[in-house]
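> To start, I am sharing the structure in question, which I have written as structure tokens.
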Amino acid sequence: MKIQYPIITISGKSHIEFITNDRDLKICNKRALKNGYYNNLTIIDSGSKKIKIQSAKKEGTAGFLWGLNLFKGQQLVVSLNYSEKIERVKLNEFQKLLIKLINKDKYFWDSDNNLKKRIDFIINANSIENILERFTFEYFERY
């Protein structure tokens, strides 16, 4: 599966994450894998593709000491089972979806009083790639 990074992942509970590369997508903690985090996880990539992950399977551990991390729990490397159905996402659909998801967690996204600026940027952006690049940079710079 060819995915164009950066991407946004959307879990069943409308939790979003921005991811910069394949390695980061395929690393999770043991609890997330056990709880089915990847099951039906939606990816929207910079190339406007919408892809569903059906499931994930442990391949090994990430890092030294069998992936043990005092703060995050055991870190695993997983292989992903993608749905064969790939959809194209239109810019205006993505803009509406992202605004809706951000508004669901507006206290997080407005913690620096810039929610309106973020929404204005989304509305005025000319591509999904442009939006993902900006939000991924901001996400990793702040958190």
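> Please work out if Ile102 is over 15 Å from the mean Cα position of the chain (by Cα) and under 18 Å from Ser14 (Cα atoms). Write out each step before concluding.
Details: over 15 Å from the mean Cα position of the chain (by Cα): no; under 18 Å from Ser14 (Cα atoms): yes.
Considered against the rule, which asks whether it is over 15 Å from the mean Cα position of the chain (by Cα) and under 18 Å from Ser14 (Cα atoms), Ile102 comes out as no.
> On to the next question. For segment 96-137, what are the residues that are within 18 Å of Asp45 (Cβ to Cβ) and either of a type in the set (Asp, Glu) or touching a His at 6+ places or on another chain (Cβ under 9 Å) (or both)?
Correct list: Leu101, Glu129, Glu133.
> Still on this structure, please answer the following. Filter segment 12-26 for residues that are over 16 Å from Ile99 (Cα atoms) and at pLDDT 90 or above; which is nearest to the chain's Cα centre (by Cα)? First the steps, then the outcome.
So the first thing to find is which residues in segment 12-26 are over 16 Å from Ile99 (Cα atoms), and the list is 12, 19-26.
Keeping just the survivors that are at pLDDT 90 or above gives 19-26.
Values: Ile19: 5, Thr20: 9, Asn21: 10, Asp22: 11, Arg23: 13, Asp24: 10, Leu25: 8, Lys26: 11 Å.
In this case the residue turns out to be Ile19.
> Only residues that are touching a residue at least 24 places away in the same chain (Cβ under 8 Å), surrounded by fewer than 15 Cβ atoms within 10 Å (Cβ to Cβ) and not hydroxyl-bearing (Ser, Thr, Tyr): list them for segment 75-85, please.
Asn81, Lys85, listed by residue number.
> Which count do you get for residues in segment 3-23 that are surrounded by fewer than 16 Cβ atoms within 10 Å (Cβ to Cβ), outside any strand (DSSP E or B) and not basic (Lys, Arg)? Spell out how you get there, then give the answer.
First, the residues of segment 3-23 that are surrounded by fewer than 16 Cβ atoms within 10 Å (Cβ to Cβ): 4, 12-15, 17, 21-23.
Checking the rest, the ones that are also outside any strand (DSSP E or B) come to 4, 12-15, 21-23.
Add one more test, that the residue is not basic (Lys, Arg), and what stays is 4, 12, 14-15, 21-22.
Summing the residues that are surrounded by fewer than 16 Cβ atoms within 10 Å (Cβ to Cβ), outside any strand (DSSP E or B) and not basic (Lys, Arg) in segment 3-23 gives 6.
> Looking only at segment 1-36, filter to residues that are of a type in the set (D, E, K, R) and touching a helix residue (DSSP H, G or I) at 6+ places or on another chain (Cβ under 9 Å); which one of those is farthest from Arg88 (Cα to Cα)?
Taking segment 1-36 as the starting set, the residues that turn out to be of a type in the set (D, E, K, R) are 2, 13, 17, 22-24, 26, 30-31, 34.
When the remaining residues are screened for being touching a helix residue (DSSP H, G or I) at 6+ places or on another chain (Cβ under 9 Å), the result is 17, 30.
Working: Glu17: 20, Lys30: 32 Å.
Out of the qualifying residues, it is Lys30.
> Need pairs with beta-carbon distance below 6 Å; first residue over 15 Å from Ile16 (Cβ atoms) and hydrophobic (A, V, I, L, M, F, W, C) and within segment 105-127, second at pLDDT 95 or above and part of a helix (DSSP H, G or I); sequence gap 6+ or separate chains.
So the pair list comes out as Ala125/Ile131.
> Among the numbered criteria (1) outside any loop (DSSP other than H, G, I, E, B); (2) buried (at least 19 other Cβ atoms within 10 Å of the Cβ), which one does Tyr38 miss?
That leaves (1) as the condition not met.
> Count, please, the residues in segment 91-137 that happen to be part of a loop (DSSP other than H, G, I, E, B), loosely packed, with under 11 Cβ neighbours inside 10 Å and modelled with pLDDT of 95 or more.
Going through segment 91-137 one residue at a time, the tally reaches 1.
> I need a count of the residues in segment 28-50 that are in contact (Cβ under 8 Å) with a residue 24 or more places away in the chain and farther than 26 Å from Ile128 by Cα.
Selection size over segment 28-50: 4.
> In segment 24-35, which residues are in a loop (DSSP other than H, G, I, E, B) and loosely packed, with under 15 Cβ neighbours inside 10 Å? Reasoning before the result, please.
Applying the first criterion (in a loop (DSSP other than H, G, I, E, B)) to segment 24-35 yields 26, 35.
Of everything in segment 24-35, just one residue is in a loop (DSSP other than H, G, I, E, B) and loosely packed, with under 15 Cβ neighbours inside 10 Å, namely Asn35.
The values are calculated or read from the model by the stated rules, or taken from the named source; none is laboratory data. These figures come from a predicted structure and were not determined experimentally. All Cβ positions, glycine included, derive from the backbone under ideal geometry; neighbour counts span all protein chains shown.
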